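One structure below.
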Amino acid sequence: MEIIDGVHAIDTLGVGRAYVYAEADRLTLIDTGLAGSADRIFAEIEAIGRKPEDVAQVFVTHSHNDHAGSLADIVERCGAQVLAHSLDAHVIRGDEPPARANLRGPMRLLAPLVNRGLQPTAPVAIDRVVADGDEVDIGGGARVLHTPGHTPGSVALYLPQRRILFSGDAAANAMGLGPPSGPFGMFNADREQARESFLKLAELDFDVACFGHGKPLDREASLAFKRAAEKLG
Ligand SMILES: [Zn+2]
Ligand SMILES: [Zn+2]
């Protein structure tokens with residue numbers, strides 16, 4: 001599904017979304033979906049008249065298996081460069097297991113179930129470790145925003161020239177717009193930090209927002225973020 005010119009959303013096995021950012025000379029993937037999503041992503045790439053080898057880089061918003069699950073398959077098939085934040089890199093590389101969910105109160109009873117959902121992914125080498133404020137060569141210059149909370153190394157990608165935000169799971173549009181809540185909120189490593197990161201995103205100016213979970217917003221997105229931020233207080 002094309003959200004705006006050159007930005008394609010791919011539903012990955014019903015759980016979340018990965019995105020293809022198409023430029024004349026190459027493609028960038030933002031996230032990869034659960035393990036087993038590679039065929040679906042490459043089918044979308046072919047549907048837009050491009051080839052798997054056109055994928056030059058994969059920006060991994062965080063280490064969860066619904067985002068990095070197909071990374072190994074994809075890199076094996078197209079040799080793309082992998083970008084991720086240092087604080088999630090050790091999980092993506094397979095050096096450490098994923099951080100456990102931090103549940104409170106009666107939700108703790110769900111911990112075994114939630115932690116089962118946090119299975120490690122096939123290990124992948126990271127070509128470029130990114131940090132807050134780094135520039136990534138997409139859409140005339142994209143800025144990496146460190147948005148910790150959901151995971152320690154969650155990052156969003158902001159394209160000011162094209163007025164697009166790829167939020168990863170620092171924002172979700174699944175149970176209303178905000179930091180991940182409901183079933184997705186159970187995976188937040190630090191709820192307060194996740195809230196602060198959402199507020200930080202709400203200070204930016206953008207028209208289009210692409211989430212890991214929930215329908216992308218194709219207009220007036222930062223206005224919707226600001227309204228959601230007011231409700232969070
Ligand atoms: Zn996540
Ligand atoms: Zn997710």
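Odds and ends about this structure:
- Hydrodynamic radius of region 182-233 per Kirkwood, over alpha carbon pairs, in Å: 11.8 Å
- Annotation note: GluC sites (Glu not before Pro) in region 148-233 located in DSSP loop regions with a Cβ neighbour count of at most 11 within 10 Å are Glu203.
- The helix-based estimate of mean residue ellipticity at 222 nm for the chain, built from -39,500 (n - 2.57) per DSSP H run of four or more residues and divided by its residue count, is -7500 deg cm²/dmol to the nearest 500.
- Trypsin sites (Lys or Arg not before Pro) lying in DSSP loop within region 1-47, provided at most 16 other Cβ fall within 10 Å: Arg26
- Dividing the Cα radius of gyration of region 10-107 by 2.2 N^0.38 Å, with N the residue count, gives 1.14.
- Extension reserve of the Asp137-Gln119 stretch, reckoned as 0.36 nm per residue once the Cα distance is removed: 3.4 nm
- Convex hull volume per residue for the chain, taking Cα atoms only, in Å³: 105 Å³
- Computed over the chain with a Gaussian network model linking Cα atoms closer than 10 Å, the most mobile of Pro179, Pro112, Pro52 is Pro112.
- Whole-Å distance, taken between Cα centres, linking region 58-111 and region 2-27: 19 Å
- Separation of alpha-carbon centers, region 213-228 and region 131-178, rounded to whole Å: 13 Å
Here, each number is a calculation from the coordinates, and none is a lab measurement. As the structure is a prediction and not an experimental result, all values here were calculated from the model. Neighbour counts are summed over all protein chains in view; Cβ atoms, including those assigned to glycine, are modelled from backbone coordinates with ideal geometry.
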